[in-house]
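The values are calculated or read from the model by the stated rules, or taken from the named source; none is laboratory data. Since we're looking at a predicted model, the values are computed, not measured. Please note: Cβ atoms are built from the backbone with ideal geometry, for glycine as well, and neighbour counts cover all protein chains shown.
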């Protein structure tokens with residue numbers, strides 16, 4: 001995940017009423033994530049399941065340090081939500097097929113906006129992208145030549 005910490009933390013928030021929430025963060029001090037949960041609840045940004053907890057009287061506990069990749073975060077967060085703390089208040093309990101379905105639906109709903117964002121990025125970073133393509137081509141020139149030769153042999157045999 002570009003621009004973020006390379007490590008992430010899976011954490012558990014447990015409130016005074018014994019309600020639990022499992023989450024992940026890439027913040028260097030995972031305890032800072034609790035502050036964000038509290039602020040969002042106070043500002044009525046209740047788009048997170050943690051809003052159902054009493055965040056004034058709670059503890060945050062580190063469960064696991066992991067690499068900060070979407071796959072690792074989804075896997076370990078799902079593991080703790082579904083297997084270790086199945087009674088937690090988390091609404092999103094992603095497994096792999098759920099994640100793919102969610103991403104498919106998200107793309108359908110936001111297709112135009114995504115296309116526009118990608119188009120703007122490509123225009124803004126044209127030189128950088130061209131340099132990356134040139135570098136990839138240079139590094140893979142021999143492999144491409146062999147692949148083309150293989151395809152030509154198959155056509156001649158047919």
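Condition test on residue 134, is it loosely packed, with under 11 Cβ neighbours inside 10 Å, assigned to a helix (DSSP H, G or I), modelled with pLDDT under 90 and out of contact with any strand residue (DSSP E or B) (no Cβ under 7 Å at 6 or more places or on another chain)? So that I can check it myself, show each step before the final result.
Numbers: loosely packed, with under 11 Cβ neighbours inside 10 Å: yes; assigned to a helix (DSSP H, G or I): yes; modelled with pLDDT under 90: no; out of contact with any strand residue (DSSP E or B) (no Cβ under 7 Å at 6 or more places or on another chain): yes.
No, not satisfied.
Does residue 60 satisfy being surrounded by 14 or more Cβ atoms within 10 Å (Cβ to Cβ), outside any helix (DSSP H, G or I) and not assigned by TED's automatic domain parsing to the domain that holds residue 103? Working first, answer last.
Working: surrounded by 14 or more Cβ atoms within 10 Å (Cβ to Cβ): yes; outside any helix (DSSP H, G or I): yes; not assigned by TED's automatic domain parsing to the domain that holds residue 103: yes.
Against the criterion (surrounded by 14 or more Cβ atoms within 10 Å (Cβ to Cβ), outside any helix (DSSP H, G or I) and not assigned by TED's automatic domain parsing to the domain that holds residue 103), residue 60 qualifies.
Say whether the condition of being closer than 26 Å to residue 11 by Cβ and either at pLDDT below 90 or in a loop (DSSP other than H, G, I, E, B) (or both) is met by at least one residue in the range 117-129.
First, pick out the residues of the range 117-129 that are closer than 26 Å to residue 11 by Cβ: none.
No, every residue in the range 117-129 fails to be closer than 26 Å to residue 11 by Cβ and either at pLDDT below 90 or in a loop (DSSP other than H, G, I, E, B) (or both).
Answer with yes or no whether residue 143 is surrounded by 10 or more Cβ atoms within 10 Å (Cβ to Cβ) and either part of a helix (DSSP H, G or I) or touching a residue at least 24 places away in the same chain (Cβ under 8 Å) (or both).
Details: surrounded by 10 or more Cβ atoms within 10 Å (Cβ to Cβ): no; either part of a helix (DSSP H, G or I) or touching a residue at least 24 places away in the same chain (Cβ under 8 Å) (or both): yes.
Against the criterion (surrounded by 10 or more Cβ atoms within 10 Å (Cβ to Cβ) and either part of a helix (DSSP H, G or I) or touching a residue at least 24 places away in the same chain (Cβ under 8 Å) (or both)), residue 143 does not qualify.
I need the full set of residues from the range 39-57 which are over 26 Å from residue 6 (Cβ atoms) and surrounded by 14 or more Cβ atoms within 10 Å (Cβ to Cβ), in order please. Quick ask: steps written out before the conclusion?
Kept after step one, since they are over 26 Å from residue 6 (Cβ atoms), are these residues of the range 39-57: 41-47, 49, 51-57.
Those that are over 26 Å from residue 6 (Cβ atoms) and surrounded by 14 or more Cβ atoms within 10 Å (Cβ to Cβ): 41, 49, 51, 52, 53, 55.
Residue by residue, here is whether (1) touching a residue at least 60 places away in the same chain (Cβ under 8 Å); (2) closer than 16 Å to residue 73 by Cβ holds:
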| site | (1), (2) |
| --- | --- |
| 6 | yes, yes |
| 15 | no, no |
| 21 | yes, yes |
| 27 | no, yes |
| 32 | no, no |
| 43 | no, no |
| 53 | no, no |
| 59 | no, no |
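State whether one or more residues within the range 4-23 are part of a helix (DSSP H, G or I) and surrounded by fewer than 12 Cβ atoms within 10 Å (Cβ to Cβ).
Start the filter on the range 4-23 by keeping residues that are part of a helix (DSSP H, G or I), which leaves none.
Checked the range 4-23: no residue is part of a helix (DSSP H, G or I) and surrounded by fewer than 12 Cβ atoms within 10 Å (Cβ to Cβ).
Based on what the data block shows, is residue 81 touching a residue at least 40 places away in the same chain (Cβ under 8 Å), in contact with a helix residue (DSSP H, G or I) (Cβ under 7 Å, 6 or more places away or on another chain) and in the same structural domain as residue 11 (by TED's automatic domain parsing)?
Judged against the criteria, residue 81 is not a match.
Going by what's in this entry, would residue 90 be described as modelled with pLDDT of 85 or more, surrounded by 13 or more Cβ atoms within 10 Å (Cβ to Cβ), part of a loop (DSSP other than H, G, I, E, B) and touching a strand residue (DSSP E or B) at 6+ places or on another chain (Cβ under 7 Å)? Walk me through how you get there before you give the answer.
Values: modelled with pLDDT of 85 or more: yes; surrounded by 13 or more Cβ atoms within 10 Å (Cβ to Cβ): yes; part of a loop (DSSP other than H, G, I, E, B): yes; touching a strand residue (DSSP E or B) at 6+ places or on another chain (Cβ under 7 Å): yes.
Considered against the rule, which asks whether it is modelled with pLDDT of 85 or more, surrounded by 13 or more Cβ atoms within 10 Å (Cβ to Cβ), part of a loop (DSSP other than H, G, I, E, B) and touching a strand residue (DSSP E or B) at 6+ places or on another chain (Cβ under 7 Å), residue 90 comes out as yes.
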